[in-house]
Amino acid sequence: MTTVLKLGGSLVTEKDRPETLDGRALDAAADAVADHADGLVLVHGGGSFGHHHADERGVTTTEGTHDPAAVMAVHTAMKTLNGLVVSRLHDRGAPALPVHPLSAAARDADGSLSMPTRQVETMLGEGFLPVLHGDGVAHAGEGVTVLSGDELVVHLARGLDADRVGLCSTVSGVLDADGEVIPEIRDFDDVADALGASNATDVTGGMAGKVRQLLELDAPAHVFGPDALAAFLAGADAGTRVE
Ligand SMILES: Nc1ncnc2c1ncn2[C@@H]1O[C@H](COP(=O)(O)OP(=O)(O)OP(=O)(O)O)[C@@H](O)[C@H]1O
Ligand SMILES: C=C(C)CCOP(=O)(O)O
(Lines give C-alpha, C1' and ligand atoms only; values in the text may rest on other atoms or scores of the structure.)
(Ligands and ions follow the chains in the order given, each with its own letter.)
Protein backbone atom coordinates (compact mmCIF):
# COMPACT_ATOMS: atom_id res chain seq x y z
CA MET A 1 0.00 0.00 0.00
CA THR A 2 1.61 3.26 -1.16
CA THR A 3 0.36 6.67 -0.06
CA VAL A 4 1.59 10.01 -1.36
CA LEU A 5 0.94 12.84 1.07
CA LYS A 6 1.63 16.54 0.67
CA LEU A 7 1.98 18.79 3.67
CA GLY A 8 1.02 22.20 2.33
CA GLY A 9 3.42 25.06 2.69
CA SER A 10 0.56 27.08 4.13
CA LEU A 11 0.30 24.47 6.90
CA VAL A 12 3.92 24.10 7.96
CA THR A 13 5.00 27.73 7.49
CA GLU A 14 3.65 31.18 8.27
CA LYS A 15 2.87 31.96 4.66
CA ASP A 16 2.83 35.75 5.11
CA ARG A 17 6.22 36.00 6.84
CA PRO A 18 9.31 35.18 4.75
CA GLU A 19 11.13 32.00 5.79
CA THR A 20 9.09 31.49 8.95
CA LEU A 21 8.17 28.00 10.11
CA ASP A 22 4.90 27.18 11.83
CA GLY A 23 6.71 24.97 14.28
CA ARG A 24 3.62 23.89 16.16
CA ALA A 25 1.77 22.82 13.01
CA LEU A 26 4.85 20.99 11.75
CA ASP A 27 5.26 19.17 15.07
CA ALA A 28 1.63 18.02 15.02
CA ALA A 29 1.92 16.86 11.41
CA ALA A 30 5.23 15.11 12.12
CA ASP A 31 3.59 13.23 15.04
CA ALA A 32 0.89 11.86 12.72
CA VAL A 33 3.31 11.07 9.88
CA ALA A 34 5.78 9.29 12.16
CA ASP A 35 2.97 7.02 13.38
CA HIS A 36 2.15 5.94 9.79
CA ALA A 37 5.48 6.16 7.96
CA ASP A 38 5.31 2.73 6.34
CA GLY A 39 4.65 2.92 2.58
CA LEU A 40 4.44 6.69 2.76
CA VAL A 41 6.01 9.22 0.40
CA LEU A 42 5.96 12.74 1.76
CA VAL A 43 6.05 15.96 -0.25
CA HIS A 44 5.96 19.44 1.21
CA GLY A 45 5.18 22.75 -0.39
CA GLY A 46 6.96 26.07 -0.39
CA GLY A 47 4.95 28.29 1.91
CA SER A 48 6.91 31.37 2.93
CA PHE A 49 10.21 29.68 2.02
CA GLY A 50 9.75 28.95 -1.72
CA HIS A 51 6.99 31.31 -2.79
CA HIS A 52 8.52 34.41 -1.27
CA HIS A 53 11.79 34.00 -3.20
CA ALA A 54 10.12 32.87 -6.42
CA ASP A 55 7.69 35.78 -6.34
CA GLU A 56 10.43 38.32 -5.68
CA ARG A 57 12.29 37.12 -8.77
CA GLY A 58 9.26 36.74 -11.02
CA VAL A 59 9.67 32.97 -11.35
CA THR A 60 6.55 30.84 -11.78
CA THR A 61 5.77 27.41 -13.20
CA THR A 62 5.87 28.90 -16.72
CA GLU A 63 8.10 32.01 -16.42
CA GLY A 64 11.67 30.96 -15.79
CA THR A 65 15.00 32.53 -14.93
CA HIS A 66 18.55 32.02 -16.23
CA ASP A 67 20.03 33.71 -13.16
CA PRO A 68 21.77 31.09 -11.01
CA ALA A 69 21.50 33.35 -7.96
CA ALA A 70 17.71 33.45 -8.33
CA VAL A 71 17.56 29.66 -8.69
CA MET A 72 19.75 29.21 -5.63
CA ALA A 73 17.61 31.59 -3.57
CA VAL A 74 14.55 29.42 -4.17
CA HIS A 75 16.37 26.09 -3.95
CA THR A 76 18.35 26.97 -0.81
CA ALA A 77 15.23 28.16 0.99
CA MET A 78 13.42 24.96 0.03
CA LYS A 79 16.32 22.82 1.20
CA THR A 80 16.27 24.67 4.52
CA LEU A 81 12.58 23.90 4.94
CA ASN A 82 13.13 20.30 3.83
CA GLY A 83 15.92 19.91 6.41
CA LEU A 84 13.57 21.16 9.14
CA VAL A 85 10.83 18.71 8.09
CA VAL A 86 13.26 15.78 7.90
CA SER A 87 14.85 16.53 11.25
CA ARG A 88 11.50 16.81 13.04
CA LEU A 89 10.62 13.41 11.61
CA HIS A 90 13.94 12.00 12.83
CA ASP A 91 13.15 13.39 16.30
CA ARG A 92 10.14 11.06 16.25
CA GLY A 93 12.04 8.02 15.00
CA ALA A 94 10.73 8.18 11.41
CA PRO A 95 13.26 7.00 8.76
CA ALA A 96 13.00 10.16 6.64
CA LEU A 97 15.41 10.85 3.76
CA PRO A 98 15.51 14.03 1.64
CA VAL A 99 14.99 13.98 -2.14
CA HIS A 100 15.74 17.27 -3.95
CA PRO A 101 13.89 17.53 -7.29
CA LEU A 102 16.15 20.22 -8.85
CA SER A 103 18.89 17.59 -9.22
CA ALA A 104 16.70 15.06 -11.01
CA ALA A 105 13.71 16.65 -12.75
CA ALA A 106 13.30 18.47 -16.09
CA ARG A 107 10.58 20.09 -18.15
CA ASP A 108 10.23 20.00 -21.95
CA ALA A 109 9.57 23.19 -23.89
CA ASP A 110 5.85 22.42 -23.57
CA GLY A 111 6.21 22.29 -19.77
CA SER A 112 5.72 18.56 -19.34
CA LEU A 113 7.63 17.11 -16.43
CA SER A 114 10.00 14.18 -16.33
CA MET A 115 11.59 12.89 -13.15
CA PRO A 116 12.78 9.43 -12.21
CA THR A 117 10.89 7.73 -9.40
CA ARG A 118 13.06 4.63 -9.03
CA GLN A 119 15.10 6.23 -6.21
CA VAL A 120 11.89 6.95 -4.30
CA GLU A 121 10.57 3.44 -4.96
CA THR A 122 13.84 1.89 -3.78
CA MET A 123 13.91 4.00 -0.63
CA LEU A 124 10.34 2.88 0.10
CA GLY A 125 11.26 -0.74 -0.49
CA GLU A 126 14.14 -0.39 1.96
CA GLY A 127 11.86 0.99 4.65
CA PHE A 128 12.71 4.69 4.33
CA LEU A 129 10.34 7.65 4.24
CA PRO A 130 11.27 9.78 1.18
CA VAL A 131 10.61 13.51 1.70
CA LEU A 132 10.43 15.60 -1.48
CA HIS A 133 9.59 19.28 -1.86
CA GLY A 134 8.51 21.94 -4.33
CA ASP A 135 11.65 23.26 -6.01
CA GLY A 136 13.14 24.78 -9.14
CA VAL A 137 13.25 22.64 -12.25
CA ALA A 138 15.36 23.00 -15.44
CA HIS A 139 12.90 23.94 -18.19
CA ALA A 140 13.79 23.84 -21.91
CA GLY A 141 13.68 27.38 -23.31
CA GLU A 142 12.93 28.99 -19.92
CA GLY A 143 15.97 28.38 -17.75
CA VAL A 144 14.54 27.25 -14.42
CA THR A 145 10.87 27.42 -13.48
CA VAL A 146 9.00 26.43 -10.30
CA LEU A 147 7.99 22.83 -9.72
CA SER A 148 5.11 22.74 -7.26
CA GLY A 149 4.64 20.13 -4.59
CA ASP A 150 1.19 19.49 -6.04
CA GLU A 151 2.69 18.63 -9.41
CA LEU A 152 5.20 16.35 -7.71
CA VAL A 153 2.40 14.56 -5.88
CA VAL A 154 0.62 13.82 -9.15
CA HIS A 155 3.85 12.70 -10.84
CA LEU A 156 4.82 10.44 -7.93
CA ALA A 157 1.33 8.98 -7.59
CA ARG A 158 1.47 7.94 -11.26
CA GLY A 159 5.09 6.79 -11.24
CA LEU A 160 4.67 4.74 -8.06
CA ASP A 161 1.14 3.58 -8.87
CA ALA A 162 0.03 4.94 -5.49
CA ASP A 163 -3.13 3.66 -3.82
CA ARG A 164 -4.03 6.92 -2.09
CA VAL A 165 -3.15 10.57 -2.32
CA GLY A 166 -3.61 13.27 0.31
CA LEU A 167 -3.14 17.02 0.31
CA CYS A 168 -3.11 18.41 3.82
CA SER A 169 -3.48 22.18 3.93
CA THR A 170 -4.88 24.73 6.38
CA VAL A 171 -8.45 24.41 5.09
CA SER A 172 -10.64 21.43 5.93
CA GLY A 173 -11.28 20.66 2.26
CA VAL A 174 -12.23 22.33 -0.98
CA LEU A 175 -14.82 24.91 0.02
CA ASP A 176 -17.93 25.93 -1.91
CA ALA A 177 -19.09 29.53 -2.32
CA ASP A 178 -20.70 29.38 1.16
CA GLY A 179 -17.50 28.18 2.78
CA GLU A 180 -18.78 24.61 3.24
CA VAL A 181 -16.55 21.61 2.50
CA ILE A 182 -17.49 19.98 -0.82
CA PRO A 183 -17.58 16.23 0.00
CA GLU A 184 -16.71 14.97 -3.49
CA ILE A 185 -15.48 16.43 -6.79
CA ARG A 186 -15.62 14.45 -10.02
CA ASP A 187 -15.67 17.28 -12.57
CA PHE A 188 -13.84 20.60 -12.50
CA ASP A 189 -16.75 22.45 -14.09
CA ASP A 190 -18.98 21.57 -11.11
CA VAL A 191 -16.73 23.58 -8.77
CA ALA A 192 -15.13 26.07 -11.18
CA ASP A 193 -17.21 28.98 -9.86
CA ALA A 194 -16.23 28.45 -6.23
CA LEU A 195 -12.58 28.03 -7.13
CA GLY A 196 -12.52 30.78 -9.73
CA ALA A 197 -13.93 33.28 -7.26
CA SER A 198 -10.95 32.83 -4.95
CA ASN A 199 -7.63 34.53 -5.42
CA ALA A 200 -4.67 32.33 -6.21
CA THR A 201 -2.55 32.51 -3.10
CA ASP A 202 0.82 31.67 -4.62
CA VAL A 203 2.88 31.29 -7.79
CA THR A 204 1.65 27.75 -8.44
CA GLY A 205 -2.11 28.19 -8.70
CA GLY A 206 -3.64 27.65 -5.25
CA MET A 207 -6.67 25.44 -4.80
CA ALA A 208 -7.95 25.48 -8.41
CA GLY A 209 -4.59 24.16 -9.62
CA LYS A 210 -4.68 21.38 -7.04
CA VAL A 211 -8.15 20.18 -8.00
CA ARG A 212 -7.35 20.21 -11.73
CA GLN A 213 -4.26 18.08 -11.20
CA LEU A 214 -5.88 15.64 -8.77
CA LEU A 215 -8.73 15.00 -11.21
CA GLU A 216 -6.18 13.64 -13.70
CA LEU A 217 -5.14 10.86 -11.32
CA ASP A 218 -6.38 7.28 -11.18
CA ALA A 219 -5.89 7.04 -7.42
CA PRO A 220 -8.48 8.66 -5.14
CA ALA A 221 -7.23 11.91 -3.63
CA HIS A 222 -8.32 13.79 -0.52
CA VAL A 223 -7.92 17.46 0.32
CA PHE A 224 -8.20 18.06 4.05
CA GLY A 225 -7.00 20.05 7.03
CA PRO A 226 -4.63 19.23 9.91
CA ASP A 227 -7.39 17.87 12.16
CA ALA A 228 -8.04 15.06 9.68
CA LEU A 229 -4.41 14.11 8.99
CA ALA A 230 -4.15 11.23 11.48
CA ALA A 231 -7.48 9.79 10.30
CA PHE A 232 -6.44 10.01 6.64
CA LEU A 233 -3.16 8.24 7.39
CA ALA A 234 -5.07 5.57 9.28
CA GLY A 235 -7.07 4.88 6.09
CA ALA A 236 -10.22 6.95 6.56
CA ASP A 237 -11.82 9.35 4.07
CA ALA A 238 -11.07 12.97 4.90
CA GLY A 239 -12.18 16.41 3.71
CA THR A 240 -12.97 16.55 0.01
CA ARG A 241 -12.58 13.40 -2.07
CA VAL A 242 -11.37 14.14 -5.64
CA GLU A 243 -11.70 11.29 -8.09
N1 LIG B 1 -12.49 27.00 -2.90
C2 LIG B 1 -11.47 26.92 -2.03
N3 LIG B 1 -11.47 25.99 -1.06
C4 LIG B 1 -10.46 25.91 -0.17
N5 LIG B 1 -9.39 26.73 -0.20
C6 LIG B 1 -9.32 27.67 -1.15
C7 LIG B 1 -10.34 27.80 -2.12
N8 LIG B 1 -9.99 28.80 -2.94
C9 LIG B 1 -8.82 29.26 -2.52
N10 LIG B 1 -8.40 28.62 -1.44
C11 LIG B 1 -7.17 28.90 -0.74
O12 LIG B 1 -6.24 27.88 -1.06
C13 LIG B 1 -5.35 27.74 0.04
C14 LIG B 1 -4.68 26.41 -0.10
O15 LIG B 1 -3.83 26.51 -1.20
P16 LIG B 1 -2.29 26.80 -0.99
O17 LIG B 1 -1.63 26.58 -2.32
O18 LIG B 1 -2.05 28.08 -0.29
O19 LIG B 1 -1.98 25.63 0.03
P20 LIG B 1 -0.74 24.79 0.35
O21 LIG B 1 -0.59 23.72 -0.64
O22 LIG B 1 -0.92 24.43 1.76
O23 LIG B 1 0.48 25.81 0.25
P24 LIG B 1 1.78 25.74 -0.66
O25 LIG B 1 1.33 26.01 -2.07
O26 LIG B 1 2.66 26.80 -0.10
O27 LIG B 1 2.33 24.38 -0.50
C28 LIG B 1 -6.25 27.87 1.25
O29 LIG B 1 -5.52 28.33 2.36
C30 LIG B 1 -7.29 28.90 0.78
O31 LIG B 1 -6.93 30.19 1.21
C1 LIG C 1 7.77 27.99 -4.79
C2 LIG C 1 8.32 26.81 -4.69
C3 LIG C 1 9.73 26.67 -4.97
C4 LIG C 1 7.61 25.57 -4.29
C5 LIG C 1 6.18 25.52 -4.74
O6 LIG C 1 5.54 24.37 -4.25
P7 LIG C 1 4.04 24.45 -3.71
O8 LIG C 1 4.07 25.25 -2.47
O9 LIG C 1 3.65 23.04 -3.50
O10 LIG C 1 3.22 25.12 -4.77
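See the values below:
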quantity: Computed over the range 11-92, Kirkwood Rh from alpha-carbon pairs, angstrom; calculated: 13.6
quantity: Charged-residue dipole, Cβ positions (Lys, Arg, Asp, Glu), the chain about Cα centre, Debye nearest 20; calculated: 720
quantity: Partner lysines for K210 [C-alpha distance under 21 Å; skip if fewer than 8 residues away on the same chain]; calculated: K6, K15
quantity: The chain - convex hull of the alpha-carbon atoms, volume per residue in Å³; calculated: 109
quantity: Percent antiparallel among DSSP beta bridges (both partners in the range 3-242, rounded to 5); calculated: 35
quantity: Approximate shape of the range 116-243 as ellipsoid semi-axes (Cα gyration tensor, √5λ), whole Å, largest first; calculated: 25, 20, 12
quantity: Selected from T80, T145, M115, residue furthest toward positive end of dipole (the chain; charges at beta carbon); calculated: T80
quantity: Cα centre as origin, Lys/Arg/Asp/Glu Cβ charges: the range 1-90 dipole, Debye; calculated: 80
quantity: Surface accessible to a 1.4 Å probe, L195 within the full protein complex, Å²; calculated: 10
quantity: Neighbour net charge for F188 - beta-carbon separation under 12 angstrom, K R +1, D E -1; calculated: -2
quantity: M115 - accessible surface, heavy atoms, 1.4 Å probe, Å² rounded to 10; calculated: 20
quantity: Pair-distance profile P(r), taking every C-alpha pair of the range 125-179, with 5 angstrom steps and integer %; calculated: 4, 13, 17, 20, 17, 13, 11, 4, 1, 0
quantity: Which of L124, L156, G136, positive extreme of dipole for the range 66-165 (C-beta unit charges); calculated: L124
quantity: Along each principal axis, Cα extent of the range 1-139, largest first, Å; calculated: 41, 34, 19
quantity: Of all accessible heavy-atom area on the chain, the percent that carbon and sulfur account for (1.4 Å); calculated: 47
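The values are calculated or read from the model by the stated rules, or taken from the named source; none is laboratory data. No experiment lies behind these values; they were computed from the predicted model shown. Glycine also receives a Cβ, built like all others from the backbone with ideal geometry; neighbour counts cover every protein chain displayed. Each accessible area value is taken on the protein alone, full model and side chains, heavy atoms only, with ligands, DNA and RNA left out. Shrake-Rupley method; radii C 1.70, N 1.55, O 1.52, S 1.80 Å.
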